[in-house]
């Protein structure tokens, strides 16, 4: 099995402020059942790294959340959220295209031009560069 996130996992889990847990095979199966087209680089991250707070700066959820679970508004229905910066900005997927989106703390959805693996790498780079 190829480890997609080997270096990133090491960086995340070695940080003393990180609080990460594994994601069960049952939970992953439920995610894949609920969202059959969800990008596999996201699933690989959950399998290989897990979920939780990265350096107490950014949270990756154990499983996707609906827009209404995080924001007061129940719309848009076509966005699922997978993490947040603990200050109201989230990342998620547009369920029509499976592209990564950022949801600003106002609820405005902004498309990102990246895959999940690119987005999580950029998030970690920003977190750990600030600590240096």
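Taken together, the values in this text are just the output of simple stated rules run on the coordinates, not laboratory data. These figures come from a predicted structure and were not determined experimentally. Note that each Cβ is placed from the backbone with ideal geometry, even for glycine, and that neighbours are counted across all protein chains shown.
Spin-label model, residue 125 to residue 56: label points 7 Å out along the Cα-to-beta-carbon direction sit 2.6 nm apart. Taking the centroid of alpha carbons for each part, the range 50-84 and the range 110-127 are 15 Å apart.
Taking a ≥ b ≥ c as the square roots of the eigenvalues of the Cα gyration tensor, the range 27-92 is oblate, since a/c reaches 1.5 or more and a/b is not larger than b/c.
Going through (i) 37, 32, 24; (ii) 42, 29, 22; (iii) 42, 29, 25, the figure that equals Cα extents along the principal axes in Å as computed for the structure here is (i).
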